[in-house]
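Reading through the structure tokens given below for one structure.
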Amino acid sequence: MANPSLLILAGDGIGPEVMDEVKRVISWFGDKRDLAFDVSEDLVGGAAYDAHGVPLHDDTMAKAQAVDAVLLGAVGGPKYDDLDFSVKPERGLLRLRKEMDLFANLRPAQCFDALADFSSLKKDIVAGLDIMIVRELTSGVYFGEPRGIHMEDNMRVGVNTQRYTEAEIERAARAAFELARKRSNKLCSMEKANVMESGILWRDVVNEVHQADYADVELSHMYADNGAMQLVRAPKQFDVILTDNLFGDILSDCAAMLTGSLGMLPSASLGLPMANGRPKAMYEPVHGSAPDITGQAKANPIACILSFAMALRYSFDEGAEADRLEAAIEKVLADGARTADLMGPEGGTPLSTTQMGDVILEALEALL
Ligand code: NAD
């Protein structure tokens, strides 16, 4: 059988720096776990604009559609700030999400015990936290029509439209229920059914999907504003949270900050199953291209490496290998390995990006 295929789009800024460490991890799994991937690489974002005048070349888009999963680093940087909106680096990312129809965005918020002091919340509230937010990514108010700014009675009026079809809600709900089954079988759906018709429909469809196919999953509903409050009051009450594009944008950033550093946060964006049964998928760290530390060997590669762990789990059904990689990261953090972004007030000498990669590979070896 052919090896599973991965397209690496390292992008801009620290993207290539953190991706170098992911490539070493991928090679390790090929060498030591008999889990080889066919890896190809291409350009996205500013790097693609420099080479082709567009943030994503059509050939790259075609490659992304053909592989089993895409691993993305980060895009953007001050060099590209003045470009026309249509060719900004972020447009490359949006095109990938849109054309691959990646409608379910999975963002885990996991607090490694060794880093519980980094949270802005009290340690006992976040220690051991492990929740997953499923955000609908391709519809809702960011895409709904009509939209725009127009004149009415000599005044400017800004309009955006929150619009969801039941099919869009249903497929996001199914993704979340499936995920809940792989975790602790508990799902909380968040919307504003008290004030929005789209929220009423959202709740109805989630209930219908639940009754039809997922009655074994414990389902609850919460208004999204209360959800935001509960996330900072008692986040451990949640396991999987399902929500729409707008509320998901805000709630997932809120949940992310419970865990400390941006350098630790992975994500997955999944679409419908392909002919081989694997979902269309793109995995990427939550952080951006960090121009302030680019080229200084300071970037924390863990968010990007954890994104590869998500690929192992959700694209390749290698949950045990994903556990192995996460355990190696947990071990190095428990042993005190820190990049600059994870340094506490006690100080010390931070590891470089490559040194963090080194200790993670050593921990993987030790776990064999
Ligand atoms: P950012 O995430 O790049 O950086 C925010 C802060 O976090 C910076 O101080 C940075 O040094 C730090 N940081 C981020 N990742 C880190 C890591 N792995 N290790 C250590 N420190 C890390 O966000 P920003 O500064 O607002 O944006 C910079 C550029 O990235 C902009 O062009 C923005 O548009 C782009 N961006 C891209 C993505 C993406 O590619 N998905 C996401 C967010 C921002």
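Which ³J(HN,Hα) values in Hz, rounded to whole numbers, follow from the phi angles of segment 259-270 under the Karplus curve 6.51 cos²θ - 1.76 cosθ + 1.60, where θ = phi - 60° and Gly and Pro get x?
9, x, 8, 4, x, 10, 9, x, 8, 9, 10, 10
Give me the 1.4 Å probe accessible area per residue for segment 262-368, excluding ligands and nucleic acids, in Å².
40
Considering only protein heavy atoms, what per residue accessible area in square angstrom results for segment 81-173 with a 1.4 angstrom probe?
Here the per-residue accessible area is 55 Å².
Assuming 0.36 nm per residue, please report the length gained on full extension of the stretch residue 229 to residue 335 beyond their Cα-Cα distance.
Full extension from residue 229 to residue 335 adds 34.8 nm.
Going by amide H atoms built from the backbone, whose H comes under 5 Å of the H on residue 35, apart from near neighbours?
Amide H to amide H, under 5 Å and 5 or more residues apart or across chains, residue 35 pairs with 30.
Give the distance, in whole Å, between the Cα centre of segment 168-194 and the Cα centre of segment 58-116.
Value for the Cα centre distance between the two parts: 23 Å.
Might you work out the accessible area of residue 150 for me, using a 1.4 Å probe with all protein chains in place, and round it to the nearest 10 Å²?
Counting only protein heavy atoms, the figure is 70 Å².
Indicate, rounded to the nearest 5 percent, the antiparallel portion of the DSSP beta bridges found entirely in the chain.
In the chain, DSSP labels about 45 percent of beta bridges as antiparallel.
Amide H neighbours of residue 183 under 5 Å, counting only residues 5+ apart in sequence or on other chains, H built in-plane at 1.01 Å?
Distant-sequence amide H within range of residue 183: zero hits.
What residues have an amide H closer than 5 Å to that of residue 71, excluding those fewer than 5 places away on the same chain, when H is modeled at 1.01 Å from N in the peptide plane?
Result for residue 71 returns 7, 8, 9, 283.
For the charge dipole of segment 150-269, defined by +1 on Lys and Arg C-beta atoms and -1 on Asp and Glu C-beta atoms about the Cα centroid, which residue among 157, 173, 268 has the Cα displaced farthest towards the positive pole?
After comparing all options, I get 268.
Dividing the convex hull volume of the alpha carbon atoms of segment 242-317 by its residue count, what do you get in Å³ per residue?
Dividing the Cα hull volume of segment 242-317 by its residues yields 120 Å³.
Could you derive backbone 3J(HN,Hα) for segment 189-205 from the dihedral phi with the Karplus parameters 6.51, -1.76 and 1.60 (θ = phi - 60°), listing whole Hz in sequence and x where the residue is Gly or Pro?
Working through the residues one at a time gives 9, 10, 7, 10, 5, 6, 10, 10, 4, 4, x, 5, 5, 4, 5, 4, 5 Hz.
Quick one: Karplus J couplings for segment 120-127, per residue in order, coefficients 6.51, -1.76, 1.60, θ = phi - 60°, nearest Hz, x for Gly and Pro?
Values per residue, Gly and Pro as x: 7, 9, 5, 3, 5, 6, 10, 4 Hz.
Placing +1 at every Lys and Arg Cβ and -1 at every Asp and Glu Cβ, with all other atoms neutral, what dipole size does the chain have around its Cα centre, in debye to the nearest 20?
Roughly 360 debye, rounded to the nearest 20.
Which of the pairs 63/88; 23/280; 186/236; 23/98 have their Cα atoms more than 23 Å apart in this structure?
23/98
For residue 142, what accessible area in Å² do you get when you roll a 1.4 Å probe over the heavy atoms of the protein chains, rounding to the nearest 10?
Roll a 1.4 Å probe over it and residue 142 shows about 90 Å².
For the chain, give the percent of accessible area contributed by carbon and sulfur heavy atoms, probe 1.4 Å, rounded to a whole number.
Taking all protein chains in place, the chain shows 51 percent carbon and sulfur surface.
The values are calculated or read from the model by the stated rules, or taken from the named source; none is laboratory data. Since the model is a prediction, treat every value here as computed from it, not as a measurement. Because the Cβ atoms are built from the backbone with ideal geometry, glycine has one as well, and the counts that use them run over all protein chains shown. For the accessible areas, the whole protein counts, side chains as well, though only heavy atoms, and no ligand, DNA or RNA atoms are used. Shrake-Rupley method; radii C 1.70, N 1.55, O 1.52, S 1.80 Å.
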